[in-house]
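Undergrad: Can you read through this structure? Questions will come right after.
The values are calculated or read from the model by the stated rules, or taken from the named source; none is laboratory data. Since the structure is predicted, the reported quantities are computational estimates derived from the model, not experimental observations. Cβ coordinates were reconstructed from backbone atoms using ideal geometry, including for glycine residues, and neighbour counts include every protein chain displayed.
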Amino acid sequence: MGHAQERVSLADLGGVGDGVTSNTEAIAKAIAKLDKLGGGSLVIPEGIWLTGPVVLKDRIDLHLERGAVLLFSPDKREYLKDGSVRPCISASKRHDVSITGEGIIDGNGEWWRPVKRGKVSDVEWADYQRMGGTVTEDGKLWYAFDLKHRENIADDAKKQEKMRTHLVRFTDCKGVTVRGVTLLNAPKFHLVPQRCTDVLIEDVTVRCPWNAQNGDGIDIMASKNVVIRRCTVDVGDDGICLKAGGGAKGLADGPCENVLVEYNTVYHAHGGFVIGSDFAGGMKDITVRHNTFCGTDTGLRFKSAPERGGRCENIRISDILMTDIRGEAIVFETTYADRPAGYEDNVAPETENYLPDFRDIVIERVTCQGARIGVKAQGRLSMIHDIVVKDATIFYTETERAIDDPAMIRFENVRFLTY
């Protein structure tokens, strides 16, 4: 970045990259020093640099050299501040902040996340038991609570589970760049720009286990002028996801607007490209093109429910390639309900407030080699309408279309093929 004139190395400022020495204070001092100089680059050299939360300031570039691992402490107490839990890396109300380089940012998420027994092998389940932790009475869920070597930060497992934090979160910032780095194993979501303007996310790799609870990759929330380009995502929940808040607060925060998502590859995710579930603030002027989804649960996923929904305007999706899609190639869902671990019986509210309005969406030149269901749309016509799918080839194995009302989606030159 042009403003990052000063460069300081963490190794020269008292940091120790041995994987066991805490660098929380050394990093904070380095950022304070750069802040006084008007900004610059904090270089994390090769090594394993253990740290607690990192807070970026104006014109600061956090630069990880190849071979650098910024490893976030599994001690949950380090993240507590005024009763809430801070993200691993954050910036709030800042401008011109960046994370760059070829290194790895590891959130140590296994010390935070709950694990569903049905999603892991016997070998993996035994590994979790060795960490200690708490298994529910029915044996279906393991919580990272009462771990052998770690203290709790809440008085019960469910309460602590709700305190999980994001790996990287930018809030109300202008001028955000994340380039080149690998984001690994978040306690919850990996990369979350919220109410930000002018965001570039480029050549970033995002990874966590396929079964990581709420392990979203890139979640853009109510942000404007965003580019997500040439990223590789392989995660436990939604891959590249746009949200704009639920209810009155979402409406006040405004839309996701002027977003370009191109040349990305998503391997595992609940959805390759996703809108929702919360977007009361709306979705406006979104372009999604030249993306590849290999092995995601769904390809293009539009999900919402009453109290969460808003209006879509000018959404153009083109040149999408998909292979081995577990569920639907394209799906619209308007009865979505959050079902965190331990809350499987949650259902969507039945009100007439903040209804989803999926409209003005054109999806063209889609090639899908293998999905269980081609296209699915569930809900009322008032929530899903004026949608065009054209010039596509979809090979499905079970169901061609499962659409509640034929007026929801217009198909032009779409081939549905099966065995």
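Undergrad: Residue under question is Pro209, and the condition is that it be assigned to a loop (DSSP other than H, G, I, E, B), without any contact (Cβ under 8 Å) to a residue 40 or more places away in the chain and closer than 23 Å to Gly271 by Cβ; does it hold? Give the steps one after another, and end with the answer.
TA: Values: assigned to a loop (DSSP other than H, G, I, E, B): yes; without any contact (Cβ under 8 Å) to a residue 40 or more places away in the chain: yes; closer than 23 Å to Gly271 by Cβ: yes.
Considered against the rule, which asks whether it is assigned to a loop (DSSP other than H, G, I, E, B), without any contact (Cβ under 8 Å) to a residue 40 or more places away in the chain and closer than 23 Å to Gly271 by Cβ, Pro209 comes out as yes.
Undergrad: Residues that are in a loop (DSSP other than H, G, I, E, B) and surrounded by fewer than 24 Cβ atoms within 10 Å (Cβ to Cβ): does region 305-327 have at least one?
TA: Taking region 305-327 as the starting set, the residues that turn out to be in a loop (DSSP other than H, G, I, E, B) are 305-310.
Adding the requirement that they be surrounded by fewer than 24 Cβ atoms within 10 Å (Cβ to Cβ) leaves 306-307.
Scanning region 305-327, I find at least one residue that is in a loop (DSSP other than H, G, I, E, B) and surrounded by fewer than 24 Cβ atoms within 10 Å (Cβ to Cβ), so the answer is yes.
Undergrad: OK, next. What do you reckon, is Trp112 farther than 28 Å from Asp198 by Cα and in contact (Cβ under 8 Å) with a residue 24 or more places away in the chain? Walk me through how you get there before you give the answer.
TA: Numbers: farther than 28 Å from Asp198 by Cα: yes; in contact (Cβ under 8 Å) with a residue 24 or more places away in the chain: yes.
Against the criterion (farther than 28 Å from Asp198 by Cα and in contact (Cβ under 8 Å) with a residue 24 or more places away in the chain), Trp112 qualifies.
Undergrad: Kindly indicate whether any position in region 403-418 is under 23 Å from the mean Cα position of the chain (by Cα) and either among the aliphatic types (A, V, I, L, M) or within 18 Å of Phe293 (Cα to Cα) (or both).
TA: Of region 403-418, the ones under 23 Å from the mean Cα position of the chain (by Cα) are none.
Checking region 403-418: not a single residue is under 23 Å from the mean Cα position of the chain (by Cα) and either among the aliphatic types (A, V, I, L, M) or within 18 Å of Phe293 (Cα to Cα) (or both).
Undergrad: Restricting the search to region 50-73, which residues are farther than 18 Å from Phe170 by Cβ and outside any strand (DSSP E or B)?
TA: Gly52, Glu65, Arg66, Gly67, Ser73
Undergrad: Name the pairs: first residue in region 370-383 and part of a loop (DSSP other than H, G, I, E, B), second residue among the hydroxyl-bearing types (Ser, Thr, Tyr), Cβ to Cβ under 6 Å, at least 6 apart or on different chains?
TA: Here the result reads Gly379/Thr334; Met383/Thr334, each pair linking region 370-383 to a residue that is among the hydroxyl-bearing types (Ser, Thr, Tyr).
Undergrad: For region 104-191, which strands (runs of 3 or more DSSP E) that fit wholly inside it have 1 or more residues that are assigned by TED's automatic domain parsing to the domain that holds Asp253 and modelled with pLDDT of 95 or more?
TA: Values: elements: 104-106, 132-135, 141-147, 168-171, 174-179, 182-184.
Passing ranges, in order: 104-106, 168-171, 174-179, 182-184.
Undergrad: Ok, one more. State yes or no: is Asn258 outside any loop (DSSP other than H, G, I, E, B), under 18 Å from Asp219 (Cα atoms) and either in contact with a Ser or Thr (Cβ under 7 Å, 6 or more places away or on another chain) or touching a residue at least 12 places away in the same chain (Cβ under 8 Å) (or both)? Step through it out loud before you land on a result.
TA: On the way: outside any loop (DSSP other than H, G, I, E, B): yes; under 18 Å from Asp219 (Cα atoms): yes; either in contact with a Ser or Thr (Cβ under 7 Å, 6 or more places away or on another chain) or touching a residue at least 12 places away in the same chain (Cβ under 8 Å) (or both): yes.
For Asn258, the condition - outside any loop (DSSP other than H, G, I, E, B), under 18 Å from Asp219 (Cα atoms) and either in contact with a Ser or Thr (Cβ under 7 Å, 6 or more places away or on another chain) or touching a residue at least 12 places away in the same chain (Cβ under 8 Å) (or both) - is met.
Undergrad: Sticking with this structure for a sec: Take the residues of region 328-349 that are farther than 30 Å from Asp138 by Cα and of a type in the set (A, V, I, L, M, F, W, C): which is surrounded by the fewest Cβ atoms within 10 Å (Cβ to Cβ)? Quick ask: steps written out before the conclusion?
TA: Our first condition is that a residue be farther than 30 Å from Asp138 by Cα; within region 328-349, this holds for 328-334.
Going one step further and asking which of them are of a type in the set (A, V, I, L, M, F, W, C), we end up with 329-332.
Numbers: Ala329: 31, Ile330: 29, Val331: 23, Phe332: 27.
My answer is Val331.
Undergrad: Restricting to region 385-419, and then to whatever is farther than 17 Å from Glu364 by Cβ and β-branched (Val, Ile, Thr), can you tell me which residue is surrounded by the most Cβ atoms within 10 Å (Cβ to Cβ)?
TA: Ranking the candidates gives Ile403 first.
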